[in-house]
Amino acid sequence: MKKIIVASKNPVKVRAAQEAFERMFPEEVFESEGVSAVSGVSDQPFSDEETYTGALNRIKDIRQRIPDADYWVSFEGGVEDKNNEIEAFAWVLIENKDGVVGKGRSATFFLPPAVSQLMREGMELGDADDKVFGLTNSKEINGTIGSLTGNLVTRTSYYVDAAVLALIPFKNSTLYRPET
């Protein structure tokens, strides 16, 4: 059994990591555990760079604190202002015990004006989503993407695809190994 440490206790992220590994490596058995991790960035990253940095910092934090895993996974959701609209996305980073890092970025979607306005006033996306859609703790259920798609795309499925992309170097290790 291979041990996966996820840089979050959010059940959506832990479930997404587990599902991505099971899809990419159906012949293997994985056990995922979520732990709190330090991002070192704003609670609501507001650029692609800040979001990526948060994911990278979370990987470093959990790897240092819990070195006895096979993989470390971080999900960092962020937003960026594009032409006076706010786009939402996430970075997923996965590191293995050999120090190989896989990176995946989710699809991008644009937030409705009511959510964007609340975010510009300083509210985090999950809180803005809860307020606009009348929900409670939506980030641990189906998130903004679920609210906007009628749960056709859930927060878990949204993250699974990005995590699968981050697993490409591990599925194709001979293509991604450093040249000697």
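Side notes on the structure shown:
- q = 0.08, 0.19, 0.20 Å⁻¹: log10 I(q)/I(0) that the Debye formula gives for the chain, counting C-alpha atoms only: -0.24, -1.25, -1.36
- For the peptides 125-133, 149-157, residues were scored by their other Cβ atoms within 10 Å and the scores averaged per peptide; the highest-first order is 125-133, 149-157.
- Selection from 96, 154, 143, by position along the positive dipole direction of the stretch 31-180 (Cβ): 96
- The stretch 1-50-the stretch 126-140 distance, computed between alpha-carbon centres (Å): 21
- Tilt relative to the chain, helix 48-65 - C-alpha long axis, 0 to 90 degrees, to 10: 40
- Modelled spin labels at residue 42 and residue 84, positioned 7 Å past Cα toward Cβ, are 2.0 nm from each other.
- Remark: the residue 110-residue 68 segment gains 11.2 nm on full extension, using 0.36 nm per residue and subtracting the alpha carbon distance.
- Simple point charges give the picture: +1 on the Cβ of Lys and Arg, -1 on the Cβ of Asp and Glu, and for the stretch 1-73 a dipole about the Cα centre of about 200 debye.
- Reduced Cα scattering model of the stretch 1-56, Debye log10 I(q)/I(0), q = 0.15, 0.25, 0.29 Å⁻¹: -0.51, -0.96, -1.08
- Derived from the Cα gyration tensor, the three semi-axes of the equivalent ellipsoid of the stretch 88-180 are 33, 13, 10 Å, largest first.
- Check: the chain dipole with +1 on Lys, Arg Cβ and -1 on Asp, Glu Cβ, in debye: 340
- Computed from Cα positions, the angle between helix 11-24 and the longest principal axis of the chain comes to roughly 50 degrees.
- Here 111, 175 are placed in order of increasing Cβ neighbour count within 10 Å, fewest first, which gives 175, 111.
- Where labels lie 7 Å past Cα in the beta-carbon direction, separation of residue 121 and residue 3 in nm: 4.6
- Here the extension length gained between residue 171 and residue 24 equals 52.2 nm, from 0.36 nm per residue of separation less the Cα-Cα distance.
- Violating pairs (Cα-Cα greater than 26 angstrom) within the set 139/171; 9/97; 97/139: 139/171; 97/139
Read-outs throughout are calculated quantities, based only on the coordinates presented, and are distinct from any laboratory measurement. Values in this document were obtained by computation on a predicted structure and should not be read as measured data. Note that each Cβ is placed from the backbone with ideal geometry, even for glycine, and that neighbours are counted across all protein chains shown.
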